[in-house]
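Contents: one structure, followed by commentary.
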Amino acid sequence: MPQSMKSARAPERRVARSSAPSHGGRPSRAESEQISARILNAAKTLFLHDGYEKTSMDAIAAELGISKRTLYSRFSNKADLFEAVVVEVLENNLSVVTAVDVSGKPLRQQLLVLAERFLAITVVPDIIALERVVIGESRQFPQLAELIYEHGGDRLLAPISAVLRNSDLMASVSEADVRRDAEIFLSIVILQPLRKAVLQSTKPGLDGVDRAFLDRSINIFVTGMSVLHREGRGKGAPVSHC
């Protein structure tokens, strides 16, 4: 995902404390899953509010009112817990991408529908807060950005690649170039709105997106692809991406 300057702190956190099993002894499977869910919820709130470095396992256990033994029995270290939080945030927000059906529409309209869906699930408070954490910790923990791209990048790139691959414009383009073009498109439609939201110059959600900017960006992308495709066919050579 794109990166920018660290912004202001998130709103005050509110974490519900976990309660111990009422029957005593070892928790049932359902209770154990509930405890794990509470841990993830508390950890997400603390990580997104205080950042990775300033959030300790002790603080998470104390916030929930559970023992450190209970916490470490589920997550062996802070890095594993943060990874689980990242995966949960991304899964909760990006799972709807696979449900997008743009078949039968012109290429420009297909890309617009995808762009709107991507913005609707990325320019949201949790993703914005996660982006701030990654930006703030990127020097000391560069693997955080890699973690987000690993779990979220392919999820977003797959539907774009599928649309481009099935279009007449990309009929003679290699798979590597299709993916590269998908990455370019994702940067065009996500970078500017997310950066503005991270810097709090616009509000979260589609209401904060400059629609004229989005429409023109997609027009430039499709027009550019058309020109590159015609030039490539005219020369009898693969399309070049500069």
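Here are the numbers for the structure shown:
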| quantity | calculated |
| --- | --- |
| Hits in the range 205-234 - residues which are at pLDDT 90 or above and under 18 Å from the mean Cα position of the chain (by Cα) | Val209 |
| Test: residue in the range 166-178 that is in contact with a helix residue (DSSP H, G or I) (Cβ under 6 Å, 6 or more places away or on another chain) and either modelled with pLDDT of 90 or more or among the β-branched types (Val, Ile, Thr) (or both) | yes |
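The values are calculated or read from the model by the stated rules, or taken from the named source; none is laboratory data. All values reported here derive from a predicted model rather than from experimental measurement. Quick reminder, even Gly has a Cβ in these numbers, built from the backbone with ideal geometry, and neighbours come from all protein chains shown.
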